[in-house]
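Rule-based calculations on the coordinates, nothing more; no lab input. On a predicted model such as this, the values are computed, not experimentally measured, just so you know. All Cβ positions, even for glycine, are placed from backbone atoms using ideal geometry, and neighbour counts span all protein chains on display.
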Amino acid sequence: MTFRVIALDLDGTLLTPQKTILPESLEALRRAREAGFKLVIVTGRHHVAIHPFYQALELDTPAICCNGTYLYDYHAKKVISADPLRPEQAIALTDMLHTHHIHGLMYVDDAMMYETATGHVLRTQNWAQRLPENQRPVFTQVPSLKEAAQEVEAIWKFALTDIDTLKLNAFATEVEQTLGLACEWSWHDQVDVAQKGNSKGKRLAEWVASQGLSMENVVAFGDNYNDLSMLEPAGLGIAMGNADDAIKARADRVIGDNTGTSIADALYQYVL
């Protein structure tokens, strides 16, 4: 089997809990890039929240963002392909959020919008303030997500959080049944809502095919449920040690957690 593409989830995988990339990972990925491998970020993040990592990795490939909702070309500064939420879907979801008292972060155009600054929003804003100004993601507090959804061009996804994960899980089920949208867990207390049919794996497979390759040529690293769509069809799907057991059971290999040199070690063992 010939591997030519390395697909990398960010949070919980390539990134440490401090939202940094280990120097060992950077060095191994640099060697992979020099050996001709294509490195691709495949993330639940908005493209505006990837800048420091994209630049640190010195990439020239597009990034797969918001769990496969769109493919973004950083060099041309444009969306290549996308399947966003329709305004009426987003409006219906905001009504449900208010009814059930669930907080939502709405990913749109070149920004993220919210009504209430949850812990997730505050943590990400604190991280952003440590970045150079030109790398900081845009967070905008709005009085009404429902009104904002009618004014933007594209709605990529919603990130929903609640300390009561049972409540959040029940809400996600209702959203899927009522609105026909896709809900995926991307963190222990976060559910992402996007257009049905979007996934990391689907968008990655499309891009890989555009390069004259197949998913058999992909080594994919991930740690959460939204990564399964790329881990399972990849030629080599690698789960992090900090992943849930359910994720590990469906991966080809399980390595150490995201605090150590496990990604670098795996690249030297299986790829380089």
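Split the chain at each of the trypsin sites (Lys or Arg not before Pro) in a DSSP loop with at most 10 other beta carbon atoms within 10 Å, and the longest piece is 131-272. For every other residue with a beta carbon closer than 12 angstrom to the beta carbon of Thr161, add +1 if it is Lys or Arg and -1 if Asp or Glu, then tell me the sum. Residues close to Thr161 contribute a combined charge of -2. Inter-part distance, the stretch 194-272 to the stretch 54-94, computed on C-alpha centroids, equals 19 Å. Values (i) 70, 43, 36; (ii) 51, 39, 34; (iii) 53, 41, 40 are given for comparison; Cα extents along the principal axes in Å, derived from the coordinates here, is the one labelled (ii). Rounded to two decimals, the Cα radius of gyration of the stretch 181-249 over 2.2 N^0.38 Å is 1.13. Pull up the DSSP beta bridges for the chain and report the antiparallel fraction as a percent, rounded to 5. Within the chain, antiparallel bridges account for around 60 percent of the total. Across the cross-link table entries Lys19/Lys78; Lys77/Lys157; Lys38/Lys248, which are compared at the Cα atoms, the separations over 23 Å belong to Lys19/Lys78; Lys38/Lys248.
In terms of overall dimensions, the C-alpha atoms belonging to the stretch 127-272 reach 51, 42, 36 Å along their principal axes, ordered largest to smallest. Counting Cα-Cα pairs of the stretch 87-194 in 10 Å increments starting at 0 gives whole-percent bin shares of 14, 49, 31, 6, 0.
Expressed in units of 2.2 N^0.38 Å, where N is the residue count, the Cα radius of gyration of the stretch 1-44 is 1.20. A dipole drawn for the chain from +1 and -1 charges on Cβ atoms has a positive end, and of Leu168, Cys65, Ala76 the residue lying farthest that way is Ala76.
Secondary-structure-derived ellipticity at 222 nm for the chain, considering helices only, amounts to -9500 deg cm²/dmol, per-run term -39500 (n - 2.57) for DSSP H runs with n ≥ 4. For an R0 of 22 angstrom, estimate the FRET efficiency from the Cβ-Cβ distance between Arg31 and Gln211 and round to the nearest 0.05. Calculated transfer efficiency: 0.60.
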